[in-house]
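Peer 1: Submitted below is the structure of interest, expressed as structure tokens.
The values are calculated or read from the model by the stated rules, or taken from the named source; none is laboratory data. Just so it is clear, the structure is predicted and the values come from calculations on it, not from any experiment. Heads up, the Cβs are rebuilt from the backbone with ideal geometry, glycines too, and the neighbour counts pull from every protein chain shown. Remember, those area values only see protein heavy atoms, side chains included, never the ligands or the DNA or RNA. Shrake-Rupley method; radii C 1.70, N 1.55, O 1.52, S 1.80 Å.
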Amino acid sequence: GAVVSQHPSWVICKSGTSVKIECRSLDFQATTMFWYRQFPKKSLMLMATSNEGSKATYEQGVEKDKFLINHASLTLSTLTVTSAHPEDSSFYICSAAGTGGFREQYFGPGTRLTVT
Amino acid sequence: AQSVAQPEDQVNVAEGNPLTVKCTYSVSGNPYLFWYVQYPNRGLQFLLKYITGDNLVKGSYGFEAEFNKSQTSFHLKKPSALVSDSALYFCAVRDTSTNAGKSTFGDGTTLTVKP
């Protein structure tokens, strides 16, 4: 099956710094990637949808200047948390949708971000 | 708009007993329906999906789910629960009237299987 990787799997950063999370589709081309945020024992909250070569579409309430998303190629999307604060600490999960009619969605293993 | 409801935050069953995790959905068109499982500090693992065809869908690890259009439900079931099935389970729906591929997730149900 299709594989989606995320890097890093966990990261600790100091308040005020920025951190970049990568999402890669390893064996298929993903025209669309989704970024989710998950709080402990809570559901996944869709943050944004990114299409290769175009600007990401952010969900209501998500600050696009704080959560910068780049989808420069068909196999890579990045999420940069700028000027991170402790309240940004969370589990971030990406998913990648392949091409074709159904557009199967594959999830990455997640990245645990802790801001101190 | 599409939405998913998982009415139970927690389901407890004894090992060897059957389990059911409930899910109901709302979409404007026809639904694609999914179940995922998540273990602590891990990403989502796909269990099964309903696209079209037979209402009873069989998936990974002995799980199955039944699509019921009249009740707009897609409950997850397993005939005999294992302790290792203890995890967080998510139901998700995607409206087929859109090709954006965006899925909406339920709030999740924590399944605990006791020995």
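Peer 1: For chain B, what is the convex hull (Cα atoms) projected area averaged across all directions, in square nanometres?
Peer 2: Details: hull surface 27.7 nm².
Projected over every direction and averaged, the Cα hull of chain B covers 6.9 nm².
Peer 1: From Cα pairs below 8 angstrom and at least 6 apart in sequence, can you work out the relative contact order of chain A, rounded to a whole percent?
Peer 2: Values: 297 pairs, mean separation 42.5, N = 116.
Relative contact order of chain A: 37 percent.
Peer 1: Per 5 Å bin from zero, what fraction in whole % of the C-alpha pairs of chain A is there, up to the bin with the longest pair?
Peer 2: Pair shares across the bins are 2, 13, 24, 25, 20, 10, 4, 1, 0.
Peer 1: Around B:S86, which amide H atoms from residues at least 5 apart in sequence, or from another chain, sit under 5 Å from its own amide H, with H modelled in the peptide plane?
Peer 2: B:V113
Peer 1: So how exposed is A:T31, as accessible area in Å² (1.4 Å probe, rounded to 10)?
Peer 2: 40 Å²
Peer 1: So, one more: Reported to two decimal places, what Rg/Rh ratio describes the protein assembly as shown when computed on Cα atoms with Rh from the Kirkwood expression? Please list the in-between numbers first.
Peer 2: Values: Rg = 17.7 Å, Rh = 18.2 Å.
Rg/Rh: 0.97.
Peer 1: A follow-up question, please. Count the net charge of all other residues whose Cβ sits under 11 Å from the Cβ of A:S18, scoring Lys and Arg as +1 and Asp and Glu as -1. Please list the in-between numbers first.
Peer 2: Values: positive: A:K14, A:K20, A:K66; negative: A:D88.
Computed value for this residue: +2.
Peer 1: Let me ask you something else. Roll a 1.4 angstrom probe over the protein heavy atoms and tell me the percent of accessible area of chain B that is carbon or sulfur.
Peer 2: Within chain B, the accessible surface is 48 percent carbon and sulfur.
Peer 1: Excluding residues fewer than 8 places away in the same chain, name every one of the aspartates and glutamates whose C-alpha is closer than 14 Å to that of B:K22.
Peer 2: B:E8, B:D9, B:E64, B:E66, B:D107
Peer 1: Once amide H atoms are placed 1.01 Å from N in the peptide plane, what residues at a sequence separation of 5 or more from A:A48, or on another chain, have their amide H within under 5 Å of its amide H?
Peer 2: Close amide H contacts, sequence-distant or interchain: A:W35, A:E59.
Peer 1: Using the heavy atoms of the protein chains and a 1.4 angstrom probe, tell me the accessible area per residue for the protein assembly as shown in square angstrom.
Peer 2: On the way: 11050 Å² over 231 residues.
Result: 48 Å² per residue.
Peer 1: How high is the relative contact order of chain B? Use alpha-carbon pairs under 8 Å, at least six apart in sequence, and give a whole percent. Please list the in-between numbers first.
Peer 2: Numbers: 293 pairs, mean separation 43.3, N = 115.
That works out to 38 percent.
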